[in-house]
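All of the numbers you see were taken from the coordinates with simple rules; none came from a lab. No experiment lies behind these values; they were computed from the predicted model shown. In this analysis, Cβ positions are derived from the backbone assuming ideal geometry, glycine residues included, and neighbour counts consider all displayed protein chains.
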Amino acid sequence: MEHQISIFPVDKALREAVDGWLSFLADNKAFSEHTITAYNIDIRHFLAFFSQHTGGEVTKAVLKDLTLRDFRSWLAARHAEKFTASSTARALSVVRGFYRYLQKQSGMDNPAIFHVRTPKLPKALPKALPEAQALGSLDSIGSEHKEPWVQLRDVAVLTLIYGCGLRISEALALIPSGIPAGAATITIRGKGNKERLVPVLPQVHAAIEEYKKVCPHALAKDEALFRGQRGGELRPEILQKEIRLLRVNLGLPDSATPHAFRHSFATHLLSAGGDLRAIQELLGHADLSTTQRYTKVDHARLLSAYHKAHPRAGAE
């Protein structure tokens, strides 16, 4: 595999090391062609910079002797060239991976590269689904299951996540006694072992009761509410797999994950006029600034309370 890094001064041994590393990633790590191309571009930029920075041929010895200041100069050059912080963070990760490869292959070590501070990345905005897609997902999840109770289970879990704004771990940790039929609110134990009260829509109760009626496994009041097909606790990866199938079947974006339905819960409440501080409490955010990120997703005026705001509240 030839990666054409000879257009600037790099000695033969280092060119072969780069070629061997990229081949290793492709053959042993099964990296895609697209990823290998991106890594090749990053390492070429790195070596090209140091061929100019040092004023001569880049060798393994040169790479071994680079200092923390040298690496910071490379990052500064990328900043001057208008590379994004995320692009530079990836490039730094790529270069660190190459150094690890050199250390394993030839014992060449330069600890300085691992002391370079990764560029601070902007917090990604939550990616919510449109209301129609969120509600359509509740109706469609698990539809390919041969066993009806499994489909009703998946509907119940997703309805709970979207209807109450729960994390997937919080939903799967529920026990039957923790969500009594018809209860107006339930207590959720979230991050940091903190408890919060969450309102429960009738549609959430209905979905859970439909599942409980047909679940073939005994549901003791102090054991897991949601069960796998063999009767054990439902694992998060099972629901994640079902969401991936939904993305294919409904043409949903890649950002449609179980957690995206929690984001959708908050965003849809805001768009309908929900109070920001009330939503903070519902989500279990310790800091209001975390909840305020949702205002960048939807700038609708915040007016009404939970039951009036949630799009599922008006469903039949």
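As an exercise, use a Förster radius of 22 Å and the Cβ-Cβ distance of Leu250 and Glu147 to find the FRET efficiency, rounded to the nearest 0.05.
The computed FRET efficiency comes out at 0.55.
Quick one: which residues, 5+ away or cross-chain, put their amide H under 5 Å from the amide H of Arg227? H built at 1.01 Å from N.
Leu234
From the phi angles alone, apply the Karplus equation (6.51, -1.76, 1.60; θ = phi - 60°) to region 48-62 and give each ³J(HN,Hα) in whole Hz, x where the residue is Gly or Pro.
3J(HN,Hα) across region 48-62, in whole Hz: 4, 4, 6, 5, 7, 5, 8, x, x, 6, 8, 10, 4, 4, 4.
Using a 7 Å offset from the Cα along the Cα-to-Cβ direction at both Ala61 and Ala80, what is the distance between the two label points in nm, to one decimal?
2.8
Please work out the C-alpha center-to-center distance from region 49-82 to region 163-218 and express it in whole Å.
Each part's Cα centre sits 55 Å from the other's.
Can you tell me how much longer the chain between Ser93 and Ala184 gets when fully stretched, taken as 0.36 nm per residue apart minus their C-alpha distance, in nm with one decimal? Show your work: numbers first, answer last.
Working: separation 91, 0.36 × 91 = 32.76 nm, distance 4.86 nm.
Extending this stretch completely gives an extra 27.9 nm.
For region 12-115, take the alpha-carbon Rg, divide it by the Kirkwood Rh, and send me Rg/Rh.
Computed over Cα atoms, the ratio is 0.94.
Give me a comma-separated list of calculated 3J(HN,Hα) values for region 22-33, in order, Karplus coefficients 6.51, -1.76, 1.60 applied at θ = phi - 60°, integers in Hz, x for any Gly or Pro.
Listing the rounded values in order: 5, 5, 4, 5, 6, 8, 9, 9, 6, 5, 6, 4 Hz.
Go through region 172-177 residue by residue and turn each phi into a ³J(HN,Hα) via Karplus (6.51, -1.76, 1.60, θ = phi - 60°); whole Hz please, and just put x for glycine and proline.
6, 7, 5, 10, x, 6
Gain in length, Val214 to Val116, computed as 0.36 nm per residue apart minus the alpha-carbon separation, to one decimal in nm?
Net length gain for the segment: 29.7 nm.
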